[in-house]
Structure formats: structure tokens, C-alpha cells
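Structure, as C-alpha cells:
None of the figures in this text is laboratory data; all of them are computed from the coordinates on show. For clarity, every value in this text was computed on a predicted model and none was experimentally measured. Every residue, glycine among them, receives a Cβ derived from its backbone with ideal geometry; neighbour counts consider all protein chains shown.
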Amino acid sequence: MAPAEPSQTQTSAETAPPPTAPHHPAGMALVVGALGVVFGDIGTSPLYAMRETFLHGSGMAPTPEHVFGVLSMLFWAVTLTVTIKYVALIMRADNKGEGGVLALATLASRGLNGRAPKIRIGIIVLAVIGLALFYGDAMITPAISVMSAVEGLSAVTPAFTPFVIPLALVILVGLFMLQARGTADVGRLFGPVMFVWFLVLGVLGAWQIAKNPVVLEAINPIHAYYLVTDQGFGIFWAFGSIVLAVTGAEALYADMGHFGRKPIRIGWFGIVMPGLLLNYFGQGALII
């Protein structure tokens, strides 16, 4: 009897390349990890950005006109500064996958090809200034974020007020002790927490928007223009608080070497940006 010829299925199996492991679980793990490391700063901005804009002599009143103007500025600040500037443009300027001020300065210096030493010195000076600003932001942001979160206890009952500062100190010390263990542990612990956080932000914001959907008209930038013309130079007091909505945007570029460009972009467009904007508009609807 003649030997049986190999079937088409067997032949295909023998000649086919070895199967590769799916990349989806690892990709989602990076996205969730990025939520806990990259977006922790900007993710806490809804705790204080809107509130501070209407406090401390900013000239803003809780009227529909001012709320629409502030929301319009917040929306376009997040869209232009974070989405367009960082996510779409600056994150493309990586140095072998690394981001940050030094990576950007390295790319700029490399483009000179050893020429124009004065320009090279200027790049170094700008890099040092950029690092100084980054360190300054890193110094004040944990205190602002944690204090704003813990101060919510005093809103429940004034009896918690004496415990706000001690509790904030305990949380900060614990965070820095955990941070020393590395990015992987921080992302593994805080990633799921931040995922739930952004989900809650979006749900709470959508709930208030559903009650007062007219607030969505603030997407029109004409409301920001009207607010500027109404306040004049006094608008700079409000600008100092509105800019808090984009605090931490530089982390998208600085931490690109830890997670990669794609997971950070997926996290921003799929989870973070919708949650933030829904919450800001929900706060505006609640004020109105």
C-alpha cells in the first residue's frame, strides 16, 4: 500500500510560521499602568481647577455667562495644550523611544550637526529652564492634589478639619515610599484605582450634564472670547486657576519611555480625556 499523502491541513500547519502570542493583554496592561503613573497629576485637576477659578478674587461669579466662559477656556485648554500639542505633536519627537526635556534638547542639538555653537548653548539654557519648571511643578503638585482631596473631609463635617494636614502628610510620605520601589509597582497598584477614578469622574459629570444639557454650548469658543472681553486684564487672575486643568500634561511626554507612545494615547483618548471633560462640564452644570 502506498504511503498516504499528507493532508492539506498538515502541510499548512508544517509550513505556517509559529504562532505569536497575542499582544492585547500586554497592551492593556500598559494602558492601565499608564493611568496610574502618567495621568495621576492631570487626573486630579477636577478637584481644584474649577473651584479655584471662582475663588480668591478671580473676578468670576457663578453666573451662566461666566460659567460658560470658564468651561470654554477649560475645554480648549485641554484640547489644544494636551491633545494637539502633546499627544499629537510633541510625542512624535522621541529620542529612541524616550521623551522629556532632555530628549527634546538632544534631538534639537543633534539637528545642528555640530554647527552653530551659540544656538547649541541656547538649547542647553532652555533645557535647564525646562527642567527647573518641571521640578517646580513636581514639588507643588503632590501637595495641591493630596490637600485638595483630603480637604473634602472637612466638607462632610468640620470635625475633620484638624486632621486634614496630618492625614495629607501621612499620604504623601506613603506615596513617596511606594514610589521608590519603581514605576512598575506604582503603575500596578494605582492603574486600576485611576481607571475607576476616571470612570467615576465621567459618570458623575454625565449625570449633571443630563440634568442641564445646555452647558454643552460652552464648547463654542465664542464664550471664552466674551469672557475675556468682559473681564479685560482681570482675566489673568482666572487664567492662573484655569491652567491647573492642564497641570501634569508634560508627564505624557516625559514618561513615554516607560509605557510607549501608543498606550499613553489610548489611555488619553479612551479614558482620561472623556472623564475629565465630562466632569468639568458636569461641575459647570451643577454651578448653574
message: Just to confirm my numbers, what's the Cα centroid distance between the stretch 47-87 and the stretch 91-122 in Å?
response: 33 Å
query: What is the dipole size for the stretch 42-287, taken about its Cα centre, with +1 at each Lys and Arg Cβ and -1 at each Asp and Glu Cβ, in debye to the nearest 20?
result: 940 debye
statement: For the stretch 244-256, in residue order, the Karplus 3J(HN,Hα) values (coefficients 6.51, -1.76, 1.60; θ = phi - 60°; whole Hz; Gly and Pro = x) are 4, 5, 10, 4, x, 5, 5, 5, 4, 8, 5, 9, 4
- request: Starting from the Cα coordinates of the stretch 149-221, work out the convex hull volume and express it per residue in Å³.
  value: 153 Å³
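If we sort 256-266, 159-169 on the protection proxy, mean other Cβ atoms within 10 Å, highest first, what's the order?
On the way: 256-266: 19.9, 159-169: 13.4.
Packing proxy ranking, top to bottom: 256-266, 159-169.
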- request: Identify, among F54, I140, A210, the residue whose Cα sits farthest towards the positive end of the charge dipole of the stretch 42-287, taking +1 on the Cβ of Lys and Arg and -1 on the Cβ of Asp and Glu, with the dipole about the Cα centre.
  value: I140
- prompt: Within the P(r) computed for the chain, what percentage of the Cα pairs occupies the region above 26 Å?
  reply: 54 percent
Partner lysines for K262 [C-alpha distance under 19 Å; skip if fewer than 8 residues away on the same chain]: K85, K96
- prompt: Using Cα atoms only, what is the angle between the long axis of helix 183-211 and the major principal axis of the chain, expressed in degrees (0 to 90) to the nearest 10?
  reply: 50 degrees
